[in-house]
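The values are calculated or read from the model by the stated rules, or taken from the named source; none is laboratory data. These figures come from a predicted structure and were not determined experimentally. Every residue, glycine among them, receives a Cβ derived from its backbone with ideal geometry; neighbour counts consider all protein chains shown. These accessible areas exclude ligands, DNA and RNA; they are computed on the full protein's heavy atoms, side chains included. Shrake-Rupley method; radii C 1.70, N 1.55, O 1.52, S 1.80 Å.
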Amino acid sequence: MGPPGAGKGTQAKVLAKQLSLAHISTGDLLRQNVADGSELGKKAKEYMDAGALVPDELVTEMLISRFSRSDIAKGFILDGYPRTINQAQSLDEVLKSKNMPIDLVVDLNTSERMIVQRLSGRLVCRKCAANFHKTNMPPKKPMICDNCNGELYQRPDDNEATIMNRLAVYRKDSAPLIKYYADKGKLQSVPADGAANDVLNIVVGVVKKYNDSHKV
Ligand code: AP5
């Protein structure tokens with residue numbers, strides 16, 4: 001977890017590959033629904049464009065449906081969910097029924113200055129949802145994805161006014177999850193203002209420490 005632009009997607013994608021886990025991003029799933037013009041996408045679009053949270057019941061239903069795919073059997077990294085205490089409680093219930101408790105919650109601790117710099121320069125692949133950045137992580141060819149040659153675009157919610165609203169929503173609705181998971185002894189907060197590889201090394205270290213102490 002972490003505020004918008006903390007690097008959740010960037011870190012989760014690499015980590016999921018390294019650990020052979022499924023990567024489940026509710027933001028990516030919602031954007032796919034919007035692109036497909038599904039009923040959920042039509043309902044979600046207005047909230048997303050405004051930088052508001054999509055209602056809990058819609059996102060939780062979408063997540064439960066994603067859990068029916070077999071690739072979660074070995075475990076998964078959740079990115080962007082839960083975002084409210086209500087979602088966290090729903091997640092606890094769903095995972096209890098699957099006997100798959102949460103191992104670790106990694107909170108990417110990021111300053112506001114860094115968030116605005118990262119989001120205002122972000123580029124995303126329309127085809128595979130890979131992330132780039134105009135200056136921090138530029139693609140090899142302008143506006144073309146290095147991984148799949150898909151077209152890169154700027155997310156409509158990556159403008160300054162919407163970024164500020166997303167940050168306000170994060171502080172009000174999502175930041176309380178830090179205490180929720182700290183109280184359960186699941187939380188690891190890591191500094192995330194540094195370069196992506198440096199942050200990755202810290203996160204990998206946190207996961208390794210967890211695995212070593214749980215003999216995975
Ligand atoms: P979502 O897509 O989850 O957006 P977000 O939480 O605002 O997070 P971001 O994707 O903007 O940032 P990130 O932390 O993944 O950063 P990234 O790695 O891309 O959600 C979008 C919307 O969907 C929400 O506003 C809401 O409406 C809805 N939604 C989603 N989930 C929901 C839920 N559970 N409940 C209700 N509504 C929900 O990095 C950002 C940029 O910085 C990239 O360009 C990257 O290349 C660059 N970068 C990353 N790390 C570094 C680094 N260390 N150094 C330099 N550059 C970096």
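Is there a residue in the range 68-82 that is open to solvent by less than 30 Å² (accessible area, probe 1.4 Å), out of contact with any helix residue (DSSP H, G or I) (no Cβ under 6 Å at 6 or more places or on another chain), touching a residue at least 24 places away in the same chain (Cβ under 8 Å) and not in a loop (DSSP other than H, G, I, E, B)? Taking every residue of the range 68-82 in turn, at least one turns out to be open to solvent by less than 30 Å² (accessible area, probe 1.4 Å), out of contact with any helix residue (DSSP H, G or I) (no Cβ under 6 Å at 6 or more places or on another chain), touching a residue at least 24 places away in the same chain (Cβ under 8 Å) and not in a loop (DSSP other than H, G, I, E, B). Scanning the range 1-57 for residues that are within 11 Å of the ligand (Cβ to nearest atom), in a loop (DSSP other than H, G, I, E, B) and surrounded by 15 or more Cβ atoms within 10 Å (Cβ to Cβ) yields a count of 11. Scanning the range 140-186 for residues that are more than 10 Å from the ligand (Cβ to nearest atom), assigned to a loop (DSSP other than H, G, I, E, B) and either open to solvent by less than 30 Å² (accessible area, probe 1.4 Å) or among the small types (Gly, Ala, Ser) (or both) turns up Cys145, Gly150, Ala175, Gly185.
With respect to the conditions (1) near the ligand (Cβ under 9 Å from one of its atoms); (2) within 25 Å of Ser174 (Cβ to Cβ); (3) without any contact (Cβ under 8 Å) to a residue 40 or more places away in the chain; (4) open to solvent by 20 Å² or more (accessible area, probe 1.4 Å), Arg113 falls short on a single one, namely (1).
Which one of Val190, Val199, Val206 is near the ligand (Cβ under 10 Å from one of its atoms) and either open to solvent by less than 40 Å² (accessible area, probe 1.4 Å) or touching a Gly at 6+ places or on another chain (Cβ under 7 Å) (or both)? Don't jump to the end; show me each part of the working.
Numbers: Val190 fails: near the ligand (Cβ under 10 Å from one of its atoms); Val206 fails: near the ligand (Cβ under 10 Å from one of its atoms).
Exactly one residue qualifies, and that residue is Val199.
Contact map, the range 200-211: first residue more than 18 Å from Met1 (Cβ to Cβ), second residue surrounded by fewer than 15 Cβ atoms within 10 Å (Cβ to Cβ), Cβ cut-off under 9 Å, separation 6 or more or different chains; pairs are Asn211/Asp103. State whether the residues of the range 88-101 include one that is open to solvent by less than 20 Å² (accessible area, probe 1.4 Å), under 15 Å from Ser25 (Cα atoms), within 14 Å of the ligand (Cβ to nearest atom) and assigned to a loop (DSSP other than H, G, I, E, B). Within the range 88-101, not a single residue is open to solvent by less than 20 Å² (accessible area, probe 1.4 Å), under 15 Å from Ser25 (Cα atoms), within 14 Å of the ligand (Cβ to nearest atom) and assigned to a loop (DSSP other than H, G, I, E, B).
Against the conditions (1) modelled with pLDDT under 95; (2) touching a helix residue (DSSP H, G or I) at 6+ places or on another chain (Cβ under 6 Å), Asn136 satisfies every one except (2).
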